[in-house]
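Below is one structure, written out as structure tokens, with a few remarks after it.
Only the coordinates and a few stated rules stand behind these numbers; no lab work does. Just so we're clear, the structure is a prediction, and the values are computed from it rather than from any experiment. Here the Cβ is made from the backbone with ideal geometry for all residues, glycine too, and neighbour counts use every protein chain on show.
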Ligand code: GLY
Ligand code: MN
Ligand code: MN
């Protein structure tokens, strides 16, 4: 991508800062899995969004003083030996030339320089509580900055989570293209899984199929640990063990999406291991699918984000009454929240650089309203574990269906519809 895009994003962020303030954006550090085995480096999403820069232990400072803007980045220093072991570093010169920062310094200078950078500022913005150890560092820098001059105003520390998140919430065309690509790759992997599950014996073999299908299409990593849950394992919402045998009479719930060029997809499909839904599985499946379709229809500019939530709750409540799992008046049952024993999570979340992407869900005292460029998941489910007080025939059925929905000027676009959710289409694909 044209590197100017990141510079423009920094300018947009700076426009929203008050005069005499500094915004700090820390990048990610290397994370260790055990001993000295490091996880592959993944840049922190907001840092990436405003820089495109992918080296660990970096820090951006955007300074707005006397209405003038200056963007500074601290980066790992050039180091011949380290570059032989770990790869090329841009260094400060590369950060200015190739990433269009106004100034750049070695990150070894941060603690030394930051009190001077903050001195005279009235406010320092950053995302409070997000990076371990960073809060204390900011406090140390502001204390050191204030103590430079007894008569200067104190520096207020202000949380920038909403400011940053709400810029990221509206996706630009470039981001939408990357998310579409992540969605296409992920949908294709789900299709391959549906085609081959009949020959699989274990959850793990299906997990490996997804990782392989993602990777061979250019997405080396999943956007989150895949959930590959046979039968009742689907009732554990964050099941990631993926280490059980598959039972031919069970459903298989797979929640798996890839990360493509830093952007996430998030898809769930639930399909029968045998290739054919049982009557009970199909009855519950259709309730979830009806909830899903009705909820997606309500994802439109101007509608509250609570609309798909409420619609899905109502459709699921009515469906559970129809099949006899809940007894009573659906309106009353909905008011009482009786569905929550079976559908206990929310309908969705923002999607972007993070699978649970940045951006508020409230605007003042009201829920956010959909605007073009937002991308939300829609993911209703019904989970009936064997400990529930229902007829035995329903026990062990756990179903979720999840698509990724882009809000457009004239409605919405389902970015993941390529992989079927209609049960007849699923059965035909699996046959
Ligand atoms: N895959 C995580 C979620 O659906 O929220
Ligand atoms: Mn999701
Ligand atoms: Mn998901």
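Suppose R0 equals 30 Å. What FRET efficiency, 1/(1 + (r/R0)^6) with r the Cβ-Cβ distance, do residue 106 and residue 136 give to the nearest 0.05?
0.90
Could you work out the pair-distance distribution P(r) of region 138-235 from its alpha-carbon pairs, with 5 angstrom bin width and percents rounded to whole numbers?
Once binned at 5 Å, the Cα pair distances of region 138-235 give 2, 10, 14, 12, 10, 9, 8, 8, 7, 7, 6, 4, 3, 1, 0, 0.
What is the calculated FRET efficiency for residue 199 to residue 220, with r their C-beta to C-beta distance and R₀ = 45 Å, to the nearest 0.05?
After rounding, the FRET efficiency stands at 0.95.
What whole-number value in cubic angstrom gives the convex hull volume per residue for the C-alpha atoms of region 179-274?
75
Please work out how much length the chain gains when fully extended from residue 422 to residue 301, using 0.36 nm per residue of separation minus the C-alpha to C-alpha distance, in nm with one decimal.
41.0 nm
Over 38 Å, how big is the tail of the calculated P(r) for the chain, in percent of all Cα pairs?
Result: 32 percent of Cα pairs exceed 38 Å.
If you line up the long axis of helix 203-216 against the longest principal axis of the chain, both from Cα atoms, how many degrees apart are they, to the nearest 10?
Approximately 50 degrees, to the nearest 10.
So what's the gap between the Cα centers of region 376-418 and region 259-331, to the nearest angstrom?
The two parts, judged by their Cα centres, are 4 Å apart.
Kirkwood Rh, Cα Rg: Rg to Rh for region 227-274?
1.04
Relative to the longest principal Cα axis of the chain, at what angle does helix 306-322 sit, 0 to 90 degrees, rounded to 10?
For helix 306-322, the angle is close to 20 degrees.
How much length, in nm to one decimal, is gained on full extension between residue 30 and residue 238, taken as 0.36 nm per residue of separation minus their Cα-Cα distance? Intermediate values should be presented prior to the final figure.
Details: separation 208, 0.36 × 208 = 74.88 nm, distance 2.52 nm.
Net length gain for the segment: 72.4 nm.
How high is the relative contact order of region 72-191? Use alpha-carbon pairs under 8 Å, at least six apart in sequence, and give a whole percent. Walk me through the numbers before you get to the answer.
Details: 109 pairs, mean separation 24.6, N = 120.
Relative contact order comes out at 20 percent.
If we sort 395-404, 190-199, 126-135 on the protection proxy, mean other Cβ atoms within 10 Å, highest first, what's the order?
Highest to lowest by the protection proxy: 395-404, 190-199, 126-135.
In percent, what relative contact order does the chain have, based on Cα pairs under 8 Å that are 6 or more apart in sequence?
Normalised by residue count, the contact order of the chain is 14 percent.
What does the convex hull of the Cα atoms come to per residue for region 38-171, in Å³?
133
Which order do 58, 215 fall in if you start with the one that has the fewest other Cβ atoms within 10 Å?
If I rank by nearby Cβ atoms, fewest first, I get 215, 58.
How would 47, 41 line up from fewest to most surrounding beta-carbon atoms within 10 angstrom?
41, 47
Could you give the distance between the Cα centres of region 185-218 and region 132-176, to the whole Å?
Here the two parts' Cα centres lie 42 Å apart.
Compute from the Cα atoms of region 285-328 the Rg and the Dmax, the latter being the longest Cα-Cα distance, and quote both in angstrom.
In Å, with Rg to one decimal and Dmax whole: 11.3, 36.
Which FRET efficiency value, to the nearest 0.05, do you get for residue 144 and residue 392 by plugging their Cβ-Cβ distance into 1/(1 + (r/R0)^6) with R0 = 60 Å?
FRET efficiency, residue 144 to residue 392: 0.35.
Can you say what percent of the DSSP beta bridges in region 257-404, counting only those with both residues inside, are antiparallel? Round to 5.
Antiparallel bridges make up about 100 percent of those DSSP assigns within region 257-404.
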